[in-house]
Amino acid sequence: MTLASATRRSAKRASGAGAERPSADHGAWFLVLPALIPILVLSVGPLLYGIALAFTDSQSGRTRSTQWIGVLNFQDLLHDTLFWDSFRIGLLWAVGVTVPQFLLALGLALLLNEELRLRWLARALAIVPWAMPEVVVGVMWRIVYNPDAGILNETLRDLGLGDGRDWLSGLATALPAVIVVGVWAGMPQTTVALLAGLQNTPRELHEAAAMDGAGAWRRLRTVTWPALRPVALAVTALNFIWNFNSFALVYVLTNGGPGGRTRLPMLFAYEEAFRYGQFGYAAAMGCVMVALISVLLAVFLVGRLRGGADA
C-alpha cells in the first residue's frame with residue numbers, strides 16, 4: 001500500500017466519522033427527551049406562564065376577561081406594606097431556620113461519623129423527620145404545642161415552670177415556635193449531606209494532624225472544614241431557598257397567624273390568589289420574590305466563594 005492511498009483512506013475514515021457525528025448527537029437528544037419534556041411541561045412552562053400572568057389583571061371567574069396592564073401590579077406592590085411585612089417575616093424565618101439547622105446538623109453529622117455503638121440505628125433514627133410529610137409534621141407539632149394537653153406545657157407544669165401558654169397563638173411566641181419546628185423537620189437532610197461530605201474526607205489527614213499534636217478543634221478547623229466547605233455552601237444555599245419558599249408547614253401550624261406574625265410571602269401570595277382571586281397580583285408577588293431571593297443568594301454565594309478563594 002502506497003503512502004498516498006493510505007492517506008486517502010485515513011481522510012475518508014475521518015470524513016465518515018464526521019458525517020456520523022450529527023446522527024450520534026440526534027440519538028443523544030432522543031435519549032434526553034424523556035427527562036426534558038416533563039421539566040419543560042411541569043417547570044419551565046408554568047414559570048413562563050406565571051411571569052406573563054404578572055402583567056395582566058387576571059382574576060377568578062369564568063366570565064371575567066383578562067387584560068394586559070403592563071407593570072401596574074408591580075407598581076402596586078411597591079406600596080403594599082403587607083407584602084413587604086410578609087417578606088421581612090420570610091427573611092427572619094429563612095435565616096432563623098437555616099442557621100440553627102446547619103449548626104445542629106453539623107454537630108450531629110460529626111457525631112454520627114465517629115465509631116459509635118449502634119451507629120446504624122442512630123443514623124436511621126436521624127432521618128425520621130425527613131421521611132414525614134410536612135402536613136403530618138405540622139399536625140404532630142400542633143399536638144405538642146397544644147395549650148391544654150400538649151406535651152410541652154405538661155412538661156413545664158410538671159417542672160414547676162408555669163402553667164404553660166398558647167405557643168402558636170401568642171404574638172411573641174408564634175414565629176419562634178414555628179422556627180423550632182422548621183429546624184427539626186429540615187435538619188435530617190442537612191445532616192445526611194454533611195455526613196456524606198465528612199465520609200469523603202481522607203482519614204489519613206486526620207491521623208497526620210493528630211500525630212502533629214493537633215487537637216479536635218484544630219483538626220475540625222484545618223482539615224475537616226476545608227474539605228466540607230463546598231458541601232456546606234451548597235446545602236446552606238439550598239436550605240435558604242427551600243425555607244424561604246415554605247408553605248405547607250406554616251400553613252398547617254398557624255395559617256399565617258396570629259395577626260400575620262407568621263404570614264410568609266408564599267402564604268400571602270396564596271391568599272391573594274385563592275382567597276381573593278387576584279391571580280395577576282399574586283403572580284407579580286412570585287416574580288418579585290424570585291428576583292429578590294436570586295439577588296440575595298447571588299451576593300451570598302459570591303461572598304462565600306471569595307472567602308473560600310482567599311482562604
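The values are calculated or read from the model by the stated rules, or taken from the named source; none is laboratory data. It should be emphasised that the depicted structure is a prediction, and the values quoted were computed from it without experimental measurement. As a convention, Cβ positions derive from the backbone with ideal geometry for all residues, glycine included, and neighbour counts pool all protein chains shown. All accessible areas refer to the heavy atoms of the entire protein, side chains included, with ligands and DNA or RNA removed. Shrake-Rupley method; radii C 1.70, N 1.55, O 1.52, S 1.80 Å.
Here the chain is assigned +1 on the Cβ of each Lys and Arg and -1 on the Cβ of each Asp and Glu. Its dipole about the Cα centre then comes out at about 1200 debye. In the context of the full protein assembly, R218 retains an accessible surface of approximately 130 Å², using a probe radius of 1.4 Å and ignoring ligands and nucleic acids. Mean projection of the Cα convex hull over all viewing directions, computed for the chain: 29.7 nm².
Here the gap between A149 and F300, fully extended at 0.36 nm per residue and compared with their Cα-Cα distance, gives a gain of 50.1 nm.
Please say if segment 180-311 is rounded, prolate or oblate, where rounded means a/c under 1.5 for a ≥ b ≥ c the square roots of the C-alpha gyration tensor eigenvalues, and otherwise the choice is prolate for a/b larger than b/c and oblate otherwise?
Working: a/c = 3.96, a/b = 2.36, b/c = 1.68.
Prolate, because a/c is 1.5 or more and a/b exceeds b/c.
Converting phi to 3J(HN,Hα) with the Karplus coefficients 6.51, -1.76 and 1.60 and the offset θ = phi - 60°, segment 241-249 yields 5, 4, 5, 5, 8, 4, 9, 4, 4 Hz in sequence order, with x at every glycine or proline. Listed values for segment 28-39 are Karplus-derived 3J(HN,Hα) couplings in whole Hz (6.51 cos²θ - 1.76 cosθ + 1.60, θ = phi - 60°), namely 5, 4, 4, 6, 7, 4, x, 8, 7, 4, x, 5, and x replaces Gly and Pro. Per residue, the chain reaches -23000 deg cm²/dmol at 222 nm when only DSSP H runs of four or more residues are counted, each adding -39500 (n - 2.57). The H on the amide N of T56, modeled in the peptide plane, is under 5 Å from the matching H of I69, each at least 5 residues off or on a different chain. Applied to segment 94-107, the Karplus parametrisation 6.51 cos²θ - 1.76 cosθ + 1.60 on θ = phi - 60° returns per-residue 3J(HN,Hα) values of 5, 5, x, 8, 5, 5, x, 4, 5, 5, 5, 5, 5, x Hz, with x for Gly and Pro. Model label sites at S169 and V44, defined 7 Å from Cα along the beta-carbon direction, differ in position by 5.0 nm. Entry for segment 33-87 at q = 0.21 Å⁻¹: log10 I(q)/I(0) = -0.89, Debye formula applied to identical alpha-carbon scatterers, no solvent contribution.
Averaged per residue, what accessible surface does segment 100-171 expose to a 1.4 Å probe, in Å²?
Per residue, segment 100-171 has 67 Å² of solvent-accessible surface.
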